[in-house]
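**Student:** Sharing a structure with you now.
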Amino acid sequence: MIPAPFDHITPRTLDEAIRALASHGEEAKLLAGGHSLLPMMKLRLARPKLLVDLSRIAELSGIEAERDRIFIGALTTHYRIESSELLKEKCPLLPQTARVIGDVQVRNRGTVGGSLAHADPAADMPAAMLAVGAELLARGPEGERWLKAEDFFLGLMTTALGPSEILTKIRVPVLSGHHGTAYLKVPQKASGFAIVGVAVWLRVERQLCTEIGVGVTGLDAKPFRARRVEERMKGTNLAQSLVQAASSQVTQGVSPLDDIHASAEFRAHLARVYTARAIQEAAKRAGV
Ligand SMILES: Cc1cc2nc3c(=O)[nH]c(=O)nc-3n(C[C@H](O)[C@H](O)[C@H](O)COP(=O)(O)OP(=O)(O)OC[C@H]3O[C@@H](n4cnc5c(N)ncnc54)[C@H](O)[C@@H]3O)c2cc1C
């Protein structure tokens with residue numbers, strides 16, 4: 001449980017951190033909360049020669065509203081998201097998701113950027129980001145680019161970030177109108193990671209669902225947006241039978257994970273059940 005030897009630097013600016021990444025290539029790794037990287041280093045599944053510690057880069061933390069968008073710094077901890085009054089009011093799906101991540105120590109140290117960049121297939125936050133249609137800002141030697149959450153997750157622990165790019169902030173919409181949100185998961189008992197987790201936000205007008213986002217984690221090797229379910233729900237009155245029928249589509253086109261925590265068949269069953277429950281919970285909160 002002792003990591004291989006490594007050097008550690010604490011740059012004060014993003015440019016300094018990017019230069020360190022670019023000049024050390026594969027040998028360098030960013031360190032945020034360390035709650036995924038350090039366990040991997042202790043198990044020697046990761047052996048970076050250099051840790052580029054982001055903790056002194058002030059511009060990476062914080063939550064700010066700007067017109068109809070909210071910007072969240074990548075280094076913002078799960079706890080700050082969970083306890084943000086701004087997010088509770090304007091994008092409640094994120095605090096609802098953050099508060100069921102791990103335990104209080106994990107939420108105090110773990111960061112939203114670390115969680116998204118790590119792309120663990122059982123992480124909670126990716127589902128919420130997919131459901132609300134978040135956009136992620138990557139900065140590297142070539143400059144900055146915005147990526148849609150849907151284009152960010154490429155596969156098992158793989159994202160669209162380049163080797164010298166840093167995820168710097170996340171942009172989420174203010175959820176306006178008559179809306180409801182819910183994140184429900186079946187947690188793995190020891191860690192709290194999602195065996196299956198489903199995040200939903202929906203907008204309702206005159207008792208009809210006019211917009212909906214459904215993000216799913218834990219089911220496949222990468223989190224995904226359940227477009228088929230969304231299409232089936234749009235324009236309906238969210239009646240239970242319609243929710244059940246739409247939720248049965250969540251496993252279409254995916255390859256459920258099969259591991260010591262749950263078989264593929266059981267995961268698929270959980271995904272259908274939890275998709276329906278999350279939609280119903282969100283609908284209830286929207287007053288339907
Ligand atoms: C006991 C335990 C229980 C947990 N339970 C849960 C749970 O229930 N649900 C859940 O979702 N998560 C859970 N986690 C994980 C936790 O949410 C971590 O916050 C998350 O995995 C990684 O965030 P971090 O800030 O610790 O990143 P780190 O461990 O510091 O980094 C993780 C990876 O992301 C890279 N990285 C970090 N920041 C950036 C950035 N800004 N740009 C680009 N790359 C970056 C690092 O180089 C590294 O490869 C748990 C962790 C532990 C130890």
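**Student:** Got a number for residues in segment 34-44 being hydrophobic (A, V, I, L, M, F, W, C) and under 22 Å from the mean Cα position of the chain (by Cα)?
**Tutor:** 3
**Student:** Oh, and also: Report, by residue number, each residue of segment 129-156 that is within 14 Å of the ligand (Cβ to nearest atom), assigned to a strand (DSSP E or B) and among the aromatic types (Phe, Trp, Tyr).
**Tutor:** Across segment 129-156, the qualifying residue is only Phe153.
**Student:** Of these, Arg67, Arg47, which one is basic (Lys, Arg), over 19 Å from the mean Cα position of the chain (by Cα) and not assigned by TED's automatic domain parsing to the domain that holds Ser23?
**Tutor:** Answer to the check: Arg67.
**Student:** Considering only residues that are more than 14 Å from Thr217 (Cβ to Cβ) and acidic (Asp, Glu), look in segment 130-161 and name the one that is surrounded by the most Cβ atoms within 10 Å (Cβ to Cβ).
**Tutor:** Filtering first and then ranking leaves Glu135.
**Student:** Would you be able to tell me the number of residues in segment 263-288 that are over 21 Å from the mean Cα position of the chain (by Cα), over 13 Å from Tyr183 (Cα atoms) and either at pLDDT below 95 or among the small types (Gly, Ala, Ser) (or both)?
**Tutor:** Going through segment 263-288 one residue at a time, the tally reaches 5.
**Student:** Tell me whether segment 111-128 contains one or more residues that are among the polar types (S, T, N, Q) and more than 10 Å from the ligand (Cβ to nearest atom).
**Tutor:** no
**Student:** Would you list the helices (runs of 4 or more DSSP H) that sit entirely within segment 51-120 and hold 2 or more residues that are loosely packed, with under 15 Cβ neighbours inside 10 Å?
**Tutor:** 85-90, 104-109
The values are calculated or read from the model by the stated rules, or taken from the named source; none is laboratory data. This structure is a prediction, so every number in the text was calculated from the model and none was measured. Counting neighbours? That spans all protein chains shown, and the Cβs are built from the backbone with ideal geometry, glycine included.
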